[in-house]
Amino acid sequence: METTETGLPRAHGGPVCQGILKARPEDFQVAEHMHVTPEGQGEHLWLEIEKTGWNTEDVAMLLAKQARVHRLSVGYSGLKDKHAVTRQWFSLHLPGKDDPDFHWPDGLTVLQSGRHRRKLNRGTHRANDFRLRVTRFVGDRDALEQQLQMIIAQGVPNYFGEQRFGRGSGNLVRGTQWLLGGEAPRKKALRGMWLSAVRSNLFNLILVERVRQGCWNTVLGGDILQPQGSRGLFLADDDPAAMERVANGEVHPTAPLPGVPGMASSGPCNQLEQQILAPHAPVIEGLRQIKVEEARRATRLPVRDLQWVWHTDPEREGEDCLELAFTLPTGAFATTVMAELVSSPAD
């Protein structure tokens with residue numbers, strides 16, 4: 001079974017309006033929220049780049065070519081959408097070398113730069129700031145604002161977005177075929193994308209059931225919990241205050257990203273997980289055979305600093321336009337937030 005955003009159950013009643021998200025690249029803006037900044041000295045040149053019409057890996061390849069270094073000498077913290085206006089950091093390892101004389105093609109602008117002692121690694125930034133515009137809005141403003149207030153208070157289910165699965169879910173399909181004995185990926189990068197797509201889909205399947213049962217944001221017996229802003233895990237049954245801490249957003253329930261077994265849930269939580277995952281046992285065994293370690297991911301996604309404003313679409317006089325701004329932790333998808341609120345005219 002494949003999970004797609006348009007078919008996932010929603011926690012707050014589903015969209016009450018229609019509109020178009022990302023009619024133009026400038027309608028979808030993302031900036032990395034960094035907690036590390038260049039110190040001013042070191043072997044690594046850090047660059048904050050605004051890009052439009054470029055994916056992250058293509059920018060990394062361009063930087064490597066112009067700096068005349070190996071692609072592995074270029075680092076970045078996260079992947080960003082090609083069809084959007086995004087700001088993200090890159091680093092280049094340049095021991096004993098001056099800063100390159102870059103030539104920036106259309107769609108790329110360097111915003112700031114500086115030297116640092118360390119390479120920029122994946123997951124260095126802790127959050128992403130989003131500014132989105134919904135055009136051609138049709139629907140009940142009051143009902144939508146009530147949903148926005150619910151999202152502020154409760155967050156949304158932490159689904160993986162469709163981007164994780166590749167165009168036409170191709171990464172999911174090919175990864176599943178590989179784990180069932182088919183052709184292995186030829187490139188290391190493809191291996192990671194295929195495995196991520198498979199595990200993300202299995203996580204989504206469990207989260208779908210928790211949303212249906214109304215326990216995506218509450219404690220289920222035997223749950224494994226994760227503190228907000230931390231990768232640590234602990235057993236809900238070991239904390240007498242677990243329900244209260246989940247209710248106030250201090251900690252979140254989790255679901256597995258399958259692989260070689262790690263910390264195990266128990267009781268009703270484990271029963272739910274095993275029931276959902278049982279039909280996918282051959283794929284999970286394939287993950288274990290190649291020694292992919294099981295991990296856990298929060299089932300609830302808090303949406304911080306959520307704000308919105310209404311105005312007239314600058315390119316369609318007389319039509320309503322909704323602009324939103326919010327912050328999400330790394331690994332979360334803005335489209336999963338928007339899917340709770342707005343459906344496209346074609347849905």
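The values are calculated or read from the model by the stated rules, or taken from the named source; none is laboratory data. Just so it is clear, the structure is predicted and the values come from calculations on it, not from any experiment. Virtual Cβ from ideal backbone geometry, glycine too; neighbours counted across all protein chains shown. Accessible surface is based on the protein model in full, side chains and every heavy atom, while ligands, DNA and RNA are left aside. Shrake-Rupley method; radii C 1.70, N 1.55, O 1.52, S 1.80 Å.
All but one of (1) more than 30 Å from Trp310 (Cα to Cα); (2) of a type outside the set (S, T, N, Q); (3) out of contact with any Gly (no Cβ under 8 Å at 6 or more places or on another chain) hold for Ala153; which doesn't?
With respect to (1) more than 30 Å from Trp310 (Cα to Cα); (2) of a type outside the set (S, T, N, Q); (3) out of contact with any Gly (no Cβ under 8 Å at 6 or more places or on another chain), Ala153 is out only on (1).
Being without any contact (Cβ under 8 Å) to a residue 40 or more places away in the chain and of a type in the set (Lys, Arg) is true for just one of Arg210, Arg164, Arg174. Which residue is that?
Checking each option against the conditions leaves just Arg174.
Can you list residue pairs whose Cβ atoms sit under 9 Å apart, with the first residue in region 88-113 being more than 18 Å from Val36 (Cβ to Cβ) and open to solvent by 40 Å² or more (accessible area, probe 1.4 Å) and the second being in a strand (DSSP E or B) and of a type in the set (Lys, Arg)? Count only pairs 6 or more apart in sequence or on different chains.
Here the result reads Asp99/Arg115; Thr109/Lys51, each pair linking region 88-113 to a residue that is in a strand (DSSP E or B) and of a type in the set (Lys, Arg).
Quick one: count up the residues across region 162-219 that are more than 20 Å from the chain's Cα centre (by Cα), more than 30 Å from Ala241 (Cα to Cα) and of a type in the set (Gly, Ala, Ser).
Matching residues across region 162-219 total 3.
Check whether at least one residue in region 312-332 is touching a residue at least 40 places away in the same chain (Cβ under 8 Å), under 30 Å from Arg174 (Cβ atoms), in contact with a Leu (Cβ under 9 Å, 6 or more places away or on another chain) and surrounded by fewer than 20 Cβ atoms within 10 Å (Cβ to Cβ), and report yes or no.
yes
Just one of Ser169, Ser196 is among the hydroxyl-bearing types (Ser, Thr, Tyr) and either without any contact (Cβ under 8 Å) to a residue 40 or more places away in the chain or open to solvent by 20 Å² or more (accessible area, probe 1.4 Å) (or both); which is it?
Exactly one residue qualifies, and that residue is Ser196.
Report, by residue number, each residue of region 95-124 that is out of contact with any Ser or Thr (no Cβ under 6 Å at 6 or more places or on another chain), in a loop (DSSP other than H, G, I, E, B) and hydroxyl-bearing (Ser, Thr, Tyr).
none
Answer yes or no: is there a residue in region 25-45 that is free of Cβ contacts under 8 Å to residues at least 40 places away in the same chain, crowded, with 17+ Cβ neighbours inside 10 Å and farther than 30 Å from Leu205 by Cβ.
No.
So, of the residues in region 172-193 that are open to solvent by 20 Å² or more (accessible area, probe 1.4 Å), assigned to a helix (DSSP H, G or I) and not hydrophobic (A, V, I, L, M, F, W, C), which turns out to be modelled with the lowest pLDDT?
Among those that are open to solvent by 20 Å² or more (accessible area, probe 1.4 Å), assigned to a helix (DSSP H, G or I) and not hydrophobic (A, V, I, L, M, F, W, C), it is Lys188.
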